[in-house]
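Trainee: Can you read through this structure? Questions will come right after.
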Amino acid sequence: MEVRRPKQPLNVISFIVENKPGVLFRVTWLIRRRNFNIESISVGPTENPNHSRMTITLYGDEAVVEQVIKQLRKLIDVVKVSRLDPENTVIREMALVKVHVPDQETRADLDYYVRAFRGRIVDIAPNAAIVEVTGSPHKIDAFIELMRSFGIKELARTGATALQRSAKE
Amino acid sequence: MRLSGARALIKSLENEKVEVIFGIPGGAILPVYDALYDSSIRHILVRHEQCAAHAADGYARASGRIGVCMATSGPGATNLVTGIATAYMDSSPIVAITGQVARNMIGRDAFQEADIIGITTPITKYTFQLQSPEEVPRIVRQAFHIASEGRPGPVLIDFPVDVQRQEAEITLDPGMGSLERYKAVVDPHPLQVKRAAELLLDAEKPVILAGGGVILADASEELRSLAEYMMMPVAVTLMGKGAFPENHPLFLGRIGMHGSAAANKLITEADVILAVGTRFSDRSVGRLEEFGKESKIIHVDIDAAEIGKNVKPDIPIVADAKRALKAILEAVKALSRKLDRSAWIERIKQVKREIDGRISSGGGSRLSPKNVIKEIRRLLPANGIVTTGVGRNQMWAAIYFEAYHPRTFITSGGLGTMGFGFPASLGAKVAKPESVVVDIDGDGSFLMTERELATSIIAEIPVIVVIMNDGWLGMVKYWQDLFYGRKYCATCLKRGCPDFVKLAEAYGANAARPQSLEEFSKAFKEAMNSDRTTVIDVWISPDEPVLPFAPPGKPLTETIVDLREVRK
């Protein structure tokens, strides 16, 4: 696995949808239908039980991002679409990384890196450990790159979720 | 009121003023048919569900009202698919109702179960699956609202049979619920309108390009007023055919792959293009990157996602075409500037004379597609409606049949569905019983849906089918002629082609096989006066070209009017 460093900026589109069956299907179908190459998609409940929030991240030029937003707005179940300004947005993603830890010395190394990234070791077995780390997608990329030296056995990323910061006085 | 889900559906359809449903019953929709028995809504039994959808579509296109079709679960529902996709591509408002297996059987691969929601989500504006009888009236209201709001399109309601049977206390006027928020932006942005008006006034060689959206928005009058006030020539797309009278002095022609060569040339000379209700399809504008390169483009569309999708406009206007055209006219009048378009109008006249004179139009036979279609136009009243199949017949109809009013030329433009013409003509005739409806078809297209002759006879829906019969899949053969070295793989239909006169008579329809243009006129006049469907089988040469022709992937500037230009 190679860490991608695309030249284009990461775009974050956050949108509120009706919380009902089939909505995720409509969104993912749309992405496939229009050939949008997205980086991640995440979905979860919001403060309003009738609504869910979905977050899509993608690298792409203005025309593509604009089409994604317009096509999303056309979906009947989509209540509101916002494009988040990356400079002014809190973007977080979580990753679980299962790494190879054959001995005490390796574990000490692992511990050092995990602390540097403010992660946590959440499971330890004789030969392996699972690390949890949270942060911006770039931070996660960097962390995963470091973990490669240990040997990654399994990896799970949630995809990014995001909220725009409130305007300051 | 205590009602079953099925009765609630029929009552809700009555509330929507539905007057006709095209459909075929089956096991999983029987409770609805049982309720329909006691309703004032007319049901027209078709012979294949695809035709139910096409007929509903033809009804919608001819009338502007929402067409309704119905089928049972499984194969009934999947047979609707081509018809729904056809309506979707051409933004035609229909509501399709399908039976579904009982809820406790969904997902178990039950008999006649199909995931019709999964299948039709990509080809509808929205799909519903009813979960309780109480929600039936609200969902019907929502379905009709979605089908017609903003850019129209098909909506599907999937109705599990247990919910159809289940009784409950039902409120018949429940409002729209959370869909109150689903409203299209219809009013144009005043600043963009002002910019558009200024650009049009500054233009030396402006052209209006009218698409199907002008017809859907009922904006033909506004289009005409603006064109006449500004002395701006009007081009149309295939879907926009009828939006502007083709015998009007400002009519430039139809652009596209088989559009008028003069219109294709002149639109590329325009310095400003006011495009209204068009999505710049490849068949209309040729190579996308080349179109409008030298022009400033004002794009009016009610669907914001169409703006910038294929062609990037200089001035985007998201609005209803009727309101936008009206607003632009008012803005232009307010600026009250003097216009001199005489040079541009003169140039248009000159190009039309030059190019249109050069178009070669097939062999010497008097019973040529050109002569037959021009004769149909001559005999047909101005409000007469033409539907078409797909292929050469469709393009000849588009080239030679002049449409004078919106909703009088009905064709499958986006999906290009062979077999569309005949069932669509039945739907159009049901919507407009006072109009003569003619399906200009091909032998290949007509064979795909000819069984609806039974429907037209039994349900007494008289239309005229004119078959341009050459015994080939003629358009495909044409491409094999031009681009595939005349290797006719799988395009000849001569062997096994039925005798269309006998076929029509077997269904109880009238039929004729004219040998001359005079005989054709006589047969057509008789057909117009008959209360029975007539099939007129016109034998034409398989080598009739379709010209003009802008070959696929080429810009409109490379439109040819003589086949020798391709072959060299």
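Derivation of every value follows stated rules applied to the coordinates shown; laboratory data play no part. Since the structure is predicted, the reported quantities are computational estimates derived from the model, not experimental observations. Cβ coordinates were reconstructed from backbone atoms using ideal geometry, including for glycine residues, and neighbour counts include every protein chain displayed.
Trainee: Given +1 on the Cβ of Lys and Arg, -1 on the Cβ of Asp and Glu, and no further charges, what dipole in debye does chain B carry about its Cα centre, rounded to the nearest 20?
Mentor: Working: 67 positive and 68 negative charges, 264 e Å.
Dipole magnitude for chain B comes out near 1260 debye.
Trainee: Once the other residues with Cβ under 14 Å from the Cβ of residue A:49 are scored (Lys, Arg +1; Asp, Glu -1), what is the net sum? Write out the running numbers ahead of the final one.
Mentor: On the way: positive: A:20, A:53; negative: A:18, A:47.
Result for the neighbourhood of residue A:49: 0.
Trainee: Give the lysines whose C-alpha is closer than 26 Å to that of residue B:487, dropping any in the same chain fewer than 8 places away, or say none.
Mentor: B:477, B:554, B:568
Trainee: Let me ask something additional. About its Cα centre, how strong a charge dipole does segment B:252-392 have in debye, to the nearest 20, once Lys and Arg get +1 and Asp and Glu get -1 at the Cβ? Could you put the intermediate results ahead of the total?
Mentor: Numbers: 27 positive and 17 negative charges, 127 e Å.
Its charge dipole is roughly 600 debye.
Trainee: Going through segment B:68-177, which trypsin sites (Lys or Arg not before Pro) have at most 12 other Cβ atoms within 10 Å and a DSSP loop state?
Mentor: Values: sites: B:103, B:108, B:125, B:138, B:141, B:165; in loops: B:108, B:125.
Loop-located and lightly packed - B:108.
Trainee: What distance in nm lies between label points placed 7 Å from Cα along the C-beta direction at residue B:522 and residue B:486?
Mentor: With each label placed 7 Å out from Cα toward Cβ, I get 3.7 nm.
Trainee: Given an 8 Å cut-off on Cα distances and at least 6 residues of separation, report the relative contact order of chain B as a percent.
Mentor: Numbers: 1317 pairs, mean separation 81.1, N = 568.
Averaging sequence separation for qualifying contacts and normalising by length gives 14 percent for chain B.
Trainee: Evaluate the relative contact order of chain A (contact order divided by residue number), counting alpha-carbon pairs under 8 angstrom at least 6 apart; express in whole percent.
Mentor: Numbers: 291 pairs, mean separation 45.4, N = 169.
Reported relative contact order: 27 percent.
Trainee: May I ask you to derive the FRET efficiency for residue B:543 and residue B:30 from their Cβ-Cβ distance with R0 = 51 Å, giving the value to the nearest 0.05?
Mentor: 0.50
Trainee: What's the exposure ranking of B:420, B:251, going from fewest to most Cβ atoms within 10 Å?
Mentor: Working: B:420 34, B:251 18.
Taking fewest neighbouring Cβ atoms as first place, the list is B:251, B:420.
Trainee: Using a Förster distance of 60 angstrom, determine the FRET efficiency expected from the C-beta separation of residue B:288 and residue A:104, and round it to 0.05. Intermediate values should be presented prior to the final figure.
Mentor: Working: r = 64 Å, r/R0 = 1.06.
Efficiency at R0 = 60 Å is approximately 0.40.
Trainee: In sequence order, what are the phi-derived ³J(HN,Hα) couplings for segment B:449-457 according to the Karplus relation 6.51 cos²θ - 1.76 cosθ + 1.60 with θ = phi - 60°, rounded to whole Hz, with x for glycine and proline?
Mentor: 9, 4, 4, 5, 4, 4, 4, 5, 6
Trainee: Still on this structure, please answer the following. In whole Å, how far is the Cα centre of segment B:119-157 from that of segment B:245-277?
Mentor: Result: 37 Å between the Cα centres.
Trainee: May I ask for the net charge around residue B:69, where only other residues with Cβ less than 10 Å from the Cβ of residue B:69 are counted and Lys, Arg are +1 while Asp, Glu are -1? Write out the running numbers ahead of the final one.
Mentor: On the way: positive: none; negative: B:49, B:57.
Net charge in that neighbourhood comes out at -2.
Trainee: Another question, if that's okay. With a 10 Å Cβ neighbour count serving as the proxy for reagent exposure, in which order, fewest first, do B:494, B:322 appear? Write down the numbers at each step before the final one.
Mentor: Working: B:494 11, B:322 22.
Least to most surrounded, the residues fall as B:494, B:322.
Trainee: Another question, if that's okay. Computed over the Cα atoms, what is the radius of gyration of segment B:241-399 divided by 2.2 N^0.38 Å, N being its residue count?
Mentor: Numbers: Rg = 17.8 Å, N = 159, 2.2 N^0.38 = 15.1 Å.
Scaled against compact globular proteins, the figure is 1.18.
Trainee: Hey, for a label at residue B:131 modelled as a point 7 Å past Cα toward Cβ, could you say which residues of segment A:38-82 have their backbone N under 19 Å away?
Mentor: A:44-46, A:48-53, A:76-79
Trainee: Mind checking the full-extension length gain between residue A:46 and residue A:148? Use 0.36 nm per residue of separation minus the Cα-Cα distance, one decimal, nm. Could you put the intermediate results ahead of the total?
Mentor: On the way: separation 102, 0.36 × 102 = 36.72 nm, distance 3.52 nm.
Answer, rounded to one decimal: 33.2 nm.
Trainee: From the residues A:67, A:82, A:30, which one has its Cα farthest along the dipole of segment A:10-84 in the positive direction, the dipole being from +1 and -1 charges on Cβ of Lys/Arg and Asp/Glu about the Cα centre?
Mentor: Sorting the options by dipole projection puts first A:30.
Trainee: How high is the FRET efficiency from residue A:155 to residue B:186, r the C-beta distance, R0 51 Å, rounded to 0.05?
Mentor: The computed FRET efficiency comes out at 0.55.
Trainee: Could I ask something else about it? Name the long-range amide H neighbours of residue B:157: under 5 Å, sequence gap of 5 or more, or other chain; modelled H, no Pro or chain starts.
Mentor: B:96, B:97, B:98, B:128
Trainee: Among B:225, B:63, B:40, rank each residue by its count of other Cβ atoms within 10 Å, from fewest to most, as a rough exposure measure.
Mentor: Working: B:225 13, B:63 16, B:40 9.
Ascending number of Cβ neighbours within 10 Å: B:40, B:225, B:63.
Trainee: In addition: Expressed as a whole number of Å, what is the distance separating the alpha-carbon centroids of segment B:509-534 and segment A:34-88?
Mentor: First find each Cα centre; the distance between them is then 58 Å.
Trainee: A follow-up question, please. If eta is 1.002 mPa s and T is 20 °C, what Stokes-Einstein diffusion coefficient results for the protein assembly as shown, Kirkwood Rh from Cα pairs, in µm²/s?
Mentor: Values: Rh = 28.5 Å.
Result for D is 75 µm²/s.
Trainee: I want the local charge near residue B:466. Using Cβ-Cβ distances under 9 Å, sum +1 for each Lys or Arg and -1 for each Asp or Glu among the other residues.
Mentor: Values: positive: none; negative: B:439, B:441, B:537.
Charge balance in the 9 Å sphere: -3.
Trainee: Would you kindly derive the ³J(HN,Hα) couplings of segment B:94-104 from the backbone phi angles with the Karplus curve 6.51 cos²θ - 1.76 cosθ + 1.60 (θ = phi - 60°), listing them in order in whole Hz, with x for Gly and Pro?
Mentor: Coupling constants for segment B:94-104: 10, 10, 9, 10, 10, x, 9, 4, 4, 4, 6 Hz.
Trainee: If you average the C-alpha positions of segment B:164-228 and of segment B:278-313 separately, how far apart do those two centres end up, in angstrom?
Mentor: Each part reduced to its Cα centre gives a spacing of 18 Å.
Trainee: Given points 7 Å out from each Cα along the Cα-Cβ axis, report the residue B:172 to residue B:382 separation in nanometres with one decimal.
Mentor: 4.2
Trainee: Once you have the Cα-Cα distance between residue B:374 and residue B:104, take 0.36 nm times their residue separation minus that, and quote the gain in nm to one decimal. Working shown, then result.
Mentor: Working: separation 270, 0.36 × 270 = 97.20 nm, distance 5.81 nm.
Gain on stretching residue B:374 to residue B:104: 91.4 nm.
Trainee: Let me ask another. What list of ³J(HN,Hα) couplings, whole Hz, do you get for segment B:234-240 from phi and the Karplus terms 6.51, -1.76, 1.60, once you set θ to phi - 60° and write x for glycine and proline?
Mentor: In residue order, the calculated couplings are 10, 9, 10, 9, 4, 6, x Hz.
Trainee: Moving to a separate point now. Would you grab the residues whose amide H sits under 5 Å from the one on residue B:252? Only those 5+ places off in sequence or on another chain, please, with H modelled 1.01 Å from N.
Mentor: Hits under the 5 Å cutoff: B:234, B:235.
Trainee: Rg/Rh for segment B:376-519 to two decimals, with Rh computed the Kirkwood way over all alpha-carbon pairs.
Mentor: Values: Rg = 15.3 Å, Rh = 15.8 Å.
For segment B:376-519, the value is 0.97.
Trainee: What number, in nm² with one decimal, is the all-direction average of the projected area of the convex hull of the alpha-carbon atoms of chain B? Present the calculation step by step, with values, prior to reporting the outcome.
Mentor: Numbers: hull surface 104.9 nm².
Mean projected area of the Cα convex hull: 26.2 nm².
Trainee: Please give me, ordered by residue number, the trypsin sites (Lys or Arg not before Pro) of segment A:32-104 that lie in loop per DSSP and have at most 15 other Cβ atoms within 10 Å.
Mentor: Values: sites: A:32, A:33, A:34, A:53, A:70, A:73, A:74, A:80, A:83, A:92, A:98; in loops: A:34.
Answer in residue order: A:34.
Trainee: Based on the Kirkwood radius over alpha-carbon pairs, what value in µm²/s does the Stokes-Einstein equation return for the translational diffusion coefficient of chain A at 4 °C and 1.567 mPa s? Could the numbers behind the result be given before it?
Mentor: Numbers: Rh = 17.7 Å.
My calculation gives 73 µm²/s for D.
Trainee: For segment A:99-152, which trypsin sites (Lys or Arg not before Pro) are both in a DSSP coil and crowded by at most 12 other Cβ atoms within 10 Å?
Mentor: Details: sites: A:107, A:115, A:118, A:120, A:139, A:148; in loops: A:118, A:148.
Passing sites in segment A:99-152 are A:118, A:148.
Trainee: Which entries in the list B:194/B:322; B:502/B:525; B:265/B:296; B:125/B:374; A:20/A:74 go over 26 Å, if you measure between the two C-alpha atoms of each? Mind dumping the intermediate values first?
Mentor: Values: B:194/B:322 16 Å; B:502/B:525 20 Å; B:265/B:296 16 Å; B:125/B:374 38 Å; A:20/A:74 17 Å.
In this structure, B:125/B:374 exceed 26 Å between Cα atoms.
Trainee: Which value in nm describes the separation of the simple spin-label points at residue B:115 and residue A:37, placed 7 Å from the Cα toward the beta carbon?
Mentor: The answer from the label model is 2.7 nm.
Trainee: Counting Lys and Arg as +1 and Asp and Glu as -1, each charge on the Cβ, what is the dipole of segment B:369-546 about the Cα centre in debye, to the nearest 20?
Mentor: Numbers: 19 positive and 20 negative charges, 68 e Å.
Around 320 debye, computed over segment B:369-546.
Trainee: Any chance you could list the semi-axes, whole Å, largest first, of the equivalent ellipsoid that the Cα gyration tensor gives for segment A:90-164, using √(5λ)? Walk me through the numbers before you get to the answer.
Mentor: Numbers: eigenvalues 105, 25, 19 Å².
The equivalent ellipsoid of segment A:90-164 has semi-axes of 23, 11, 10 Å.
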